Amino acid sequence: MTEVNRTLKITLVVFLYLVSDALFNPAHAVWINVTGRVDMVSLYTTTDTIVVRLSESGSQVAACSNTTEFAIDGAIPENRRQQLLSVLLTAKASDSEVTIAYNDTGGCVAWGADPNVYRGALRVNY
């Protein structure tokens, strides 16, 4: 095999790998931000998940069935949930805006038996 043929073969293999990787591996999720006033914070005795509705609903996430509310997943460590809840309640009490960040694909929070209900809040800014 000549050096030119070997180089072409290696280039073709690398090219095919890159094309197949781009076609068959979905893009990574990016964070979407929505800013609004806290309209509602719901706490339940049956779950550690916290549900939040803002004055702005933000962009829909195809995998999540609820398009108006967000959730702080009950699987998040309690101290972090409490910190996020504190920010939300402070904003609610002062009628201030918060910004919630969430994934544009997936990242849904389960409710009951349905695994894809609420858009999962990843960050809350006050």
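The values are calculated or read from the model by the stated rules, or taken from the named source; none is laboratory data. In this text, all values refer to a predicted model and were calculated from it rather than measured experimentally. Heads up, the Cβs are rebuilt from the backbone with ideal geometry, glycines too, and the neighbour counts pull from every protein chain shown.
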- Query: Inside the stretch 98-126, can you point out the residues that are among the acidic types (Asp, Glu) and more than 8 Å from the chain's Cα centre (by Cα)?
  - Reply: Asp114
- Of the conditions (1) modelled with pLDDT under 95; (2) hydrophobic (A, V, I, L, M, F, W, C); (3) touching a helix residue (DSSP H, G or I) at 6+ places or on another chain (Cβ under 7 Å), the single one that Ile50 does not satisfy is (1)
- For Asp73, state whether it is charged (D, E, K, R), under 14 Å from the mean Cα position of the chain (by Cα) and surrounded by 13 or more Cβ atoms within 10 Å (Cβ to Cβ). yes
- Given (1) touching a strand residue (DSSP E or B) at 6+ places or on another chain (Cβ under 6 Å); (2) surrounded by fewer than 16 Cβ atoms within 10 Å (Cβ to Cβ); (3) without any contact (Cβ under 8 Å) to a residue 40 or more places away in the chain, index of the condition Ala63 fails: (3)
- Query: With (1) surrounded by 16 or more Cβ atoms within 10 Å (Cβ to Cβ); (2) at pLDDT below 95; (3) hydrophobic (A, V, I, L, M, F, W, C) as the list, and Val109 as the residue in question, which single condition is left unmet?
  - Reply: (2)
- Message: The conditions are (1) touching a residue at least 24 places away in the same chain (Cβ under 8 Å); (2) part of a loop (DSSP other than H, G, I, E, B); (3) within 19 Å of Asn125 (Cβ to Cβ); (4) polar (S, T, N, Q), and Thr35 fails exactly one of them. Which is it?
- Response: (2)
- Check Leu12, Leu18, Leu85 and return the single one that is assigned to a helix (DSSP H, G or I), closer than 25 Å to Asp114 by Cβ and either out of contact with any His (no Cβ under 9 Å at 6 or more places or on another chain) or at pLDDT 95 or above (or both). Leu85
